[in-house]
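Visitor: I'd like to ask some things about the structure below.
The values are calculated or read from the model by the stated rules, or taken from the named source; none is laboratory data. Just so it is clear, the structure is predicted and the values come from calculations on it, not from any experiment. In this analysis, Cβ positions are derived from the backbone assuming ideal geometry, glycine residues included, and neighbour counts consider all displayed protein chains.
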Amino acid sequence: MALKIRLQRMGRKDIPFFRIVAAEESEKRGGKTVVQLGFYDPKTTPVTINVDKKALDHLLSKGAQPTESVRKLLSL
């Protein structure tokens, strides 16, 4: 199975924040994850993005693929 770097929704109704995680491609959005890489909070001004760059680079070098939404966030 391939690893995907994707967002995992957390928080309450109308107060979302997201964890940036690495998970198996077949797992559900809120399912079991391999490692948590950081978080993204869209409700703050400006938005808060915190990522462990060392762990992210390691996973990308091993072949993990970011989803489109994570790719857009990381390019900011």
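Visitor: So which residues in region 58-72 are more than 14 Å from Glu24 (Cβ to Cβ), among the aliphatic types (A, V, I, L, M) and touching a residue at least 60 places away in the same chain (Cβ under 8 Å)?
Guide: Val70
Visitor: In the set Thr45, Thr33, which member is among the polar types (S, T, N, Q), out of contact with any strand residue (DSSP E or B) (no Cβ under 9 Å at 6 or more places or on another chain) and modelled with pLDDT under 95?
Guide: Answer to the check: Thr45.
Visitor: List pairs: first residue in region 33-50 and on the phi < 0 side of the Ramachandran plot, second residue among the aromatic types (Phe, Trp, Tyr) and loosely packed, with under 15 Cβ neighbours inside 10 Å anywhere in the structure, Cβ distance under 6 angstrom, at least six positions apart or on different chains.
Guide: As it stands, the answer is none, since no pair meets every condition given.
Visitor: For region 39-76, give me each residue that is small (Gly, Ala, Ser), part of a helix (DSSP H, G or I) and loosely packed, with under 10 Cβ neighbours inside 10 Å.
Guide: Ser61
Visitor: For Arg29, are the conditions met, namely being surrounded by fewer than 12 Cβ atoms within 10 Å (Cβ to Cβ) and not in a helix (DSSP H, G or I)?
Guide: Considered against the rule, which asks whether it is surrounded by fewer than 12 Cβ atoms within 10 Å (Cβ to Cβ) and not in a helix (DSSP H, G or I), Arg29 comes out as yes.
Visitor: Contact list please: Cβ distance under 6 Å, first residue in region 9-31 and free of Cβ contacts under 8 Å to residues at least 40 places away in the same chain and within 20 Å of Pro66 (Cα to Cα), second residue outside any strand (DSSP E or B) and not aliphatic (A, V, I, L, M), pairs at least six apart or on different chains.
Guide: Val21/Thr33; Ala23/Thr33
Visitor: Kindly list the number of the only condition in (1) closer than 17 Å to Ala2 by Cβ; (2) at pLDDT 95 or above that fails for Lys62.
Guide: (2)
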